[in-house]
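A short reminder: the numbers here are calculations on the coordinates, not readings from a lab. Computed from a predicted model, the values in this text were never measured in an experiment. Heads up, the Cβs are rebuilt from the backbone with ideal geometry, glycines too, and the neighbour counts pull from every protein chain shown.
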Amino acid sequence: MKREISAETALNRLAAMCSRSEHCEADVRRKLADWGLDAASADGIVRRLVSERYVDDARYAHAYVRDKFRFNRWGRVKIAYMLRGKGIAADVIALALEEIDAADYAATLSQLLRDKWREVCRRDPDKARAALLRFAAGRGFEPADAVRAVNEIMRCDNDD
């Protein structure tokens with residue numbers, strides 16, 4: 001059981017936390033609820049953090065998109081889904097997703113599928129294709145892009 005803290009202490013802790021790394025408004029509100037602050041105090045703290053630019057959902061969305069694509073190698077669909085779950089507005093998500101370079105996106109998908117292909121290449125071709133498409137969907141890549149990349153990989157393998 002966590003002990004409750006004062007509004008001033010919560011504000012100071014959150015300002016320090018948001019200074020170190022990006023956090024969205026939903027994360028801040030969740031933390032305030034965990035600390036047992038009432039709704040009125042929480043709203044005041046969030047408004048202050050937003051007005052002082054400690055919390056900025058657009059900045060958070062851009063950082064999230066950049067990190068999840070670069071380090072986790074997620075596709076646009078999964079990134080958008082996770083941001084919607086954090087309460088980020090659809091227009092902010094769309095703007096943040098535009099940051100992903102199309103060539104890098106295609107290269108990442110292709111590399112992921114080539115790596116997966118090594119695991120499934122000995123299977124029946126239809127089962128291997130299905131496994132690759134499921135894998136791409138699980139990583140959050142669009143079906144049309146996944147089909148195009150899978151066809152390219154399987155065509156190149158047949159040429160060898």
Worksheet item: What's the FRET efficiency of E98 with A40 using the Cβ-Cβ distance as r and R₀ = 25 Å, to the nearest 0.05?
Response: 0.10
Worksheet item: Once the mean 1/r over all distinct Cα pairs of the stretch 41-88 is inverted, what Kirkwood radius in angstroms do you read off?
Response: 11.8
Item to complete: Could you tell me the largest-minus-smallest coordinate of the C-alpha atoms of the chain on each of the three principal axes, in descending order and whole angstroms?
Response: 67, 34, 23
Item to complete: Scan the stretch 70-160 for GluC sites (Glu not before Pro) in coil per DSSP, keeping those whose Cβ has at most 15 other Cβ atoms within 10 Å, and list them by number.
Response: E98, E99
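Let me have the 222 nm mean residue ellipticity of the chain computed from DSSP H runs of 4+ only, each contributing -39500 (n - 2.57), with the sum over all residues rounded to the nearest 500.
Dividing the helical sum by the residues of the chain leaves -23500 deg cm²/dmol.
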Worksheet item: So, with +1 on the Cβ of K and R and -1 on the Cβ of D and E, and no other charges, what is the size of the charge dipole of the chain about its Cα centre, to the nearest 20 debye?
Response: 520
Worksheet item: Which of the listed residues, G85, F71, Y60, is farthest toward the dipole's positive end in the stretch 57-97, when Lys, Arg count +1 and Asp, Glu count -1 at the beta-carbon?
Response: F71
